[in-house]
Amino acid sequence: MKDINKRIAALPEQRRAVLARLISKEAEGRNSVANADEVPARPADHVLQEAYDVVIMGGGLSGLTLAIQLRRALPQASVLIVNSTKYPAPEAAHKVGESSVEIGAHYFDTVLGFKEHLEDRQLRKMGLRFFSPYGDNRDIAARVELGPFENHILPIPSYQIDRGRFENMLAVHAGKEGAGFLDDCRVRDITLGEDGAPHLIEFTRGGETLHVKARWAIDATGRNALLRRKLGLSKQSDHNVNAAWLRVKLPINIDQFSDDREFLGRMLTGFRQYSTNHLMGRGYWVWLIRLASGSTSVGIVADPRIHPLENFNNVERFNDWLDQNEPLVGDLLRNNRSLVQDFLAIKRLAHTSEKVYSKNRWALIGDAALFTDPLYSPGSDFIGMGNTIVTELVRHDLAGGDLAEHVEYYDSLYLASSTTPPSASSRISIP
Ligand SMILES: Cc1cc2nc3c(=O)[nH]c(=O)nc-3n(C[C@H](O)[C@H](O)[C@H](O)COP(=O)(O)OP(=O)(O)OC[C@H]3O[C@@H](n4cnc5c(N)ncnc54)[C@H](O)[C@@H]3O)c2cc1C
């Protein structure tokens, strides 16, 4: 790959321009296929059994991918997913967690084998890209830009993922792999069994209360963190940041923020718009993420000591805040307000847990386990790593192994790998 980049760099300018046009055309072609309307399918109906080897509470990104991974690794294991919302999910205006980086991308495209979906139905990403602040931020070309430039063939692919579209595909696929899937069902309680006795999970479907037994209970309920809360394991992170975001039915092309020749010339192919673009400022950053369904995800992450959440916690204030701090995005949004599809804000997004795996056959995955900070888009990395550990624990247990040592090792490994430098941010004083 290094070789290809070197060879591109060595081409005369005219030939590079021809190559750039060809690559752009190919990418636009691919992206217009990805933009084609999706007809989302519903997962197959499932007849509830009395007991399962594994019950996964929550069928979002982490729960669905774990179900698929478990069924592939342990085809003899019975797996049930119980999810509170109804599928299919809406495209674009569904969840954050749209930018993948290399570990998560590898988990999705190679470990789980969804390369075709990711290449054809999502957008190939042009890496992470950062713009440092300059003056009133009205001139993007004057900002220092960090990211892949014209030699842009990235050796390890990553993707911008429309979460609704991805989860719809995963839900159908989990059924095809043999996992039972119940949507529109809310888990209300769980009674953990001791000494090998099954756990008892209580959930509601419509007005009906149902129970199911499980050897393993997995909490994949996201920020609801049903089991983590029940066991009193929640730990507040000392990294205090807030976020708000929306999706706008508009493909935002950051190249169009300037006609500066040097700025445009740095990316011969115009691929800048496919990066996860971070607009950095004092005490905040703003993300711009293009989605295959034609929308753009726009989010603000900010330190409340400089930018209180109250300044951007609804669409009107979000736009006012952008006008002041990132006016190019603010103008664009104001001119396209009728295209805003959703809005959400969360306070103190970082959280963690005392423990994530137990020898008593339960585990926390995805957001139900922990989340640190979205700056480098690590959420899916942690899902990939956590799910792989849980698959190994279940495999070991079903084979009659003793879990104690494995659990202790993996628990400390997972928790240690998520202790990030940003946790020190609360100790940084603001000049
Ligand atoms: C501001 C922000 C930006 C982020 N950006 C990125 C990013 O760019 N890249 C990245 O990789 N990650 C990112 N993340 C993290 C990412 O959002 C999470 O890692 C990911 O969504 C977690 O998936 P999950 O399946 O654990 O939880 P969710 O996707 O929240 O799924 C939980 C599921 O559980 C169900 N559920 C909840 N309660 C119950 C119940 N009682 N019974 C049954 N079902 C229930 C819900 O219906 C839902 O389907 C970001 C997070 C934040 C806060």
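Residue-wise test of (1) more than 12 Å from the ligand (Cβ to nearest atom); (2) among the hydroxyl-bearing types (Ser, Thr, Tyr); (3) more than 30 Å from residue 190 (Cα to Cα).
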{"position": "294", "(1), (2), (3)": "yes, no, yes"}
{"position": "300", "(1), (2), (3)": "no, no, yes"}
{"position": "314", "(1), (2), (3)": "yes, no, yes"}
{"position": "318", "(1), (2), (3)": "yes, no, yes"}
{"position": "349", "(1), (2), (3)": "no, no, no"}
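It is to be established whether one or more residues within the range 288-303 are more than 30 Å from residue 83 (Cα to Cα) and either assigned by TED's automatic domain parsing to the domain that holds residue 186 or within 22 Å of the chain's Cα centre (by Cα) (or both). For the range 288-303, residues more than 30 Å from residue 83 (Cα to Cα) and either assigned by TED's automatic domain parsing to the domain that holds residue 186 or within 22 Å of the chain's Cα centre (by Cα) (or both): present.
The number of residues in the range 153-190 being more than 15 Å from the ligand (Cβ to nearest atom) and under 23 Å from residue 213 (Cβ atoms) comes to 3. Here residue 235 qualifies as at pLDDT below 95 and either part of a strand (DSSP E or B) or in contact with a Pro (Cβ under 6 Å, 6 or more places away or on another chain) (or both). Only residues that are among the β-branched types (Val, Ile, Thr) and in contact with a Phe, Trp or Tyr (Cβ under 7 Å, 6 or more places away or on another chain): list them for the range 352-380, please. Residue satisfying the conditions is 356 alone.
May I ask you to list pairs of residues, at least six apart or on different chains, whose Cβ atoms are under 8 Å apart, with the first in the range 51-69 being assigned to a loop (DSSP other than H, G, I, E, B) and the second being near the ligand (Cβ under 6 Å from one of its atoms) and of a type in the set (S, T, N, Q)? From the range 51-69, the pairs are 58/83; 58/84; 58/221; 58/224; 59/83; 60/83. On inspection, residue 194 fails the criterion of being surrounded by fewer than 17 Cβ atoms within 10 Å (Cβ to Cβ), modelled with pLDDT under 95 and either under 17 Å from the mean Cα position of the chain (by Cα) or over 25 Å from residue 213 (Cβ atoms) (or both). Applying the criterion of being assigned to a loop (DSSP other than H, G, I, E, B) and buried (at least 21 other Cβ atoms within 10 Å of the Cβ) to the residues of the range 240-268, the residue that is nearest to the ligand (Cβ to nearest atom) is 241.
The values are calculated or read from the model by the stated rules, or taken from the named source; none is laboratory data. Keep in mind the model is a prediction, meaning the values are calculated, not measured. For neighbour counting, all protein chains shown are included, and Cβ atoms are generated from backbone atoms with ideal geometry for every residue, glycine included.
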